[in-house]
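Read the structure below first, then the notes.
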Amino acid sequence: MGTDTKTTDTFVEMPKTLAELREGIATGRTKATELAAGYYERIEKKNPRLNAYLCLTKERALEQAARVDALAAKGDPLPPLAGIPVGIKDVLVMKGAPATAGSKILQGYRPPYDATAVAKLEAAGAVLLGKLNCDEFAMGSSTENSAYGPVRNPVDTERVPGGSSGGSAAAVAANLAVATLGSDTGGSIRQPASFCGVVGVLPTYGRVSRYGLIAFASSLDRVGPFASNVRDAATLLGVIAGHDAQDATSSPAPVPDYAAECDKPAAGLRIGVPAEYFAEGLDPEVRAAIEKGIAALKAAGCAVKPVALPHTRYAIPVYYLIATAEASANLARFDGVRYGPRSKDSATLAGMYRHSREEGFGAEVKRRILLGTYALSAGYYDAYYLKAQQVRRLLAEEYLRAFAEVDAIVTPTAPTAAFKLGEKTGDPLAMYLADIYTVTASLAGICGVTVPCGTTKAGLPVGMQVLARHLNEAKAFRVARAVESARIE
Amino acid sequence: MGIAMTARVTVEEVERVAELAHLELKPEETPAMLRDLNAILDYVAQLNELDTKGVTPLAQVSELQEGSAAGELRADRPLPSLDRAAVMQQAPETDGVFFKVPKVIER
């Protein structure tokens with residue numbers, strides 16, 4: 001390890017692979033009910049410190065596990081995720097279970113329906129353990145904006161797990177779930193996966209239904225999986241992807257067998273490396289780890305070449321105008337009228353709206369709603385929102401030009417490894433700037449995978465981001481698999 | 001044309017925007033919010049460096065995907081929605097059919 005002062009309590013434990021667990025369950029050596037019970041025991045031990053789970057859905061989980069055991073006992077064929085314990089980020093709804101989106105404004109809310117991605121997991125046999133903590137309304141890069149306390153990084157519990165899907169990433173890294181679902185609007189799956197040393201997938205916009213995802217920014221939000229390895233992440237994506245009539249932005253494109261695709265060798269794939277992602281602000285130890293990953297790809301038979309993405313530096317301002325504008329519209333529905341806590345003693349309707357929202361929303365959410373409202377308001381719409389959408393097109397076209405020459409683009413997922421709790425909370429803009437490597441892909445709608453790629457000298461995980469063209473997740477998985485196989489130290 | 005991005009939001013403008021967003025900032029919250037907003041608006045103003053004349057705004061990335069169904073509309077057919085009783089169970093105040101709220105107009 002290193003000489004850095006790292007807390008000696010480590011909560012890290014990697015789950016078994018889907019293949020191994022499936023074999024155990026199919027042969028009856030492992031009972032799904034016992035597996036689930038084991039996960040709940042581990043959660044009871046580790047969650048008080050990590051705060052990854054906000055609530056547990058034991059009844060539903062154990063009923064599902066019992067169903068799986070009955071199927072296995074009869075020798076019936078098992079669905080692809082039979083008995084596999086999975087955690088769900090609290091921005092995705094599970095019928096009858098609390099959904100807070102990490103906010104006080106939804107305290108007590110129990111949705112009357114399942115998100116499509118959740119329903120698909122359950123139909124595939126998954127055992128849904130509970131709801132995972134996140135930044136409020138998915139706004140944040142550290143999970144410190146949760147109204148229910150931060151999540152701690154299992155690798156070093158004095159550090160953040162990243163955000164906004166901090167609970168989802170931490171749960172896999174601490175084996176509090178075999179896999180989890182999160183959401184990614186500006187990096188909220190990729191960055192925490194990178195910080196916690198697990199695999200995270202950014203599906204193409206529209207690849208996975210957003211029905212049942214509590215909306216943050218509707219043209220950016222994606223639902224995606226976390227897992228301990230690339231093949232399992234690919235398997236999960238295959239289960240949740242697909243057209244959904246309930247989501248008008250859902251893609252009708254057929255879903256490939258992602259798991260089979262990621263077994264194909266990466267040799268012959270062309271890899272692009274953009275200089276703009278290796279400039280100032282990148283931690284030298286992160287750079288060193290990523291360079292090892294790139295060397296491994298060359299050794300695996302990939303052709304590596306530079307690509308130019310000159311507008312990269314404009315991505316953050318574009319993102320923070322578009323995302324906040326869309327958020328200001330999406331969060332208008334939280335007003336105390338139909339669900340959630342309602343402020344008491346308001347004399348008028350307008351007063352009730354104001355007080356309920358004032359009491360229910362945290363500071364970061366208010367900041368973003370104000371910024372977004374300003375950018376959309378009369379007199380400013382053209383200068384801010386429209387301008388941002390124009391630059392968005394330039395950013396997207398830049399990627400498409402690059403993908404005409406390469407199959408995948410690799411970059412660091414984040415400019416640093418996990419920072420300490422409280423380190424960046426004083427300066428919102430500094431927190432935003434940490435998203436620099438993830439937001440452009442969000443704006444362009446393209447897909448990507450983050451895969452563990454070595455550590456810093458202090459042992460903190462580093463992630464490599466592999467980006468691919470729209471609907472080309474298979475290529476991203478193949479490249480990620482090659483990096484994973486190289487076992488970068 | 002029109003207004004280019006400028007920073008320097010005033011207290012009055014923050015209050016106006018808060019009103020539009022049905023948010024109420026406490027007096028002690030306002031200075032920090034003003035400072036943060038101005039810092040962010042200052043930062044986003046760098047987009048002014050770019051010439052975007054003639055560039056079509058990109059609002060829906062689906063249009064960049066081959067075979068996308070973006071813009072296709074479904075048939076206008078009424079379908080069952082959520083169960084009313086289940087929805088009303090979540091309401092802070094209800095008569096079972098409607099959501100009850102404080103009066104809209106002050107007499």
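Values in this text are rule-based calculations from the coordinates and carry no lab data. Bear in mind that the values here come from a model prediction, so they are computed numbers and not experimental data. With ideal geometry, Cβ positions are generated from the backbone for all residues, glycine too; neighbour counts draw on all protein chains shown.
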Show me the GluC sites (Glu not before Pro) within the stretch A:215-287 that DSSP assigns to loop and that have at most 15 other Cβ atoms within 10 Å of their Cβ.
A:Glu280
Could you pull out every one of the aspartates and glutamates with an alpha carbon less than 13 Å from that of A:Lys58, ignoring same-chain neighbours closer than 8 positions?
A:Glu34, A:Glu41, A:Glu44
Would you order A:Glu359, A:Glu398 from fewest to most other beta-carbon atoms within 10 Å of each residue's own beta-carbon?
A:Glu359, A:Glu398
Could you name the aspartates and glutamates in cross-link range of B:Lys100, using Cα to Cα under 17 Å and dropping any fewer than eight places away on the same chain?
A:Asp335, A:Asp345
Past the 31 Å Cα-Cα mark, which pairs from A:Lys366/A:Lys457; A:Lys16/A:Lys424; A:Lys298/B:Lys53; A:Lys120/A:Lys344; A:Lys74/A:Lys475; A:Lys89/A:Lys424?
A:Lys366/A:Lys457; A:Lys16/A:Lys424; A:Lys298/B:Lys53; A:Lys120/A:Lys344; A:Lys74/A:Lys475
Considering the zone a paramagnetic label at B:Met88 would reach in this model (a point 7 Å from Cα along the Cα-to-Cβ line), which residues of the stretch A:339-372 have amide N under 19 Å from it?
A:339-340
Considering every residue in A:432-444, what mean count of other chain Cβ atoms within 10 Å of its Cβ is obtained?
1
Is the C-alpha gyration tensor of the stretch B:1-51 telling us rounded, prolate or oblate? Criteria: a/c under 1.5 is rounded; beyond that, a/b larger than b/c is prolate, otherwise oblate.
prolate
Treat each spin label as a single point 7 Å out from the Cα along the C-beta direction, and report the B:Arg74 to B:Ala39 distance in nm.
4.4 nm
Amide H neighbours of A:Cys55 under 5 Å, counting only residues 5+ apart in sequence or on other chains, H built in-plane at 1.01 Å?
A:Lys131
What is the average number of partner chain Cβ atoms found within 10 Å of a Cβ in A:352-359?
4
Take the alpha carbon atoms of the stretch A:109-169, find their center, do the same for the stretch A:202-266, and report the distance between the two centers in whole angstrom.
17 Å
With a ≥ b ≥ c from the Cα gyration tensor eigenvalues, square-rooted, and the rule rounded for a/c under 1.5, otherwise prolate when a/b > b/c and oblate otherwise, chain A is rounded
Cα centroid separation - the stretch A:64-98 against the stretch A:325-351, whole Å:
35 Å
Relative packing of A:95-107, A:127-139, B:18-30, which averages over residues the other C-beta atoms within 10 Å, highest first:
A:127-139, A:95-107, B:18-30
Counting partner chain Cβ atoms within 10 Å of every residue's Cβ in B:47-58, what's the average?
6
Just order A:42-49, A:234-241 by mean Cβ neighbour count inside 10 Å, highest at the front, would you?
A:234-241, A:42-49
Everything considered on the Cα gyration tensor (a ≥ b ≥ c; rounded for a/c under 1.5, else prolate if a/b is larger than b/c, else oblate), the stretch A:193-295 must be described as prolate
Give the order of A:Ile446, A:Ile271 when sorted by the count of other beta carbons within 10 angstrom, beginning with the fewest.
A:Ile271, A:Ile446
Among B:Asp51, A:Asp435, what is the fewest-to-most ranking by other Cβ atoms within 10 Å?
B:Asp51, A:Asp435
As a test of the formula, what do you get for the protein assembly as shown when each DSSP H run with n ≥ 4 contributes -39,500 (n - 2.57) and the sum is divided by the residue count, at 222 nm and rounded to the nearest 500 deg cm²/dmol?
-11000 deg cm²/dmol
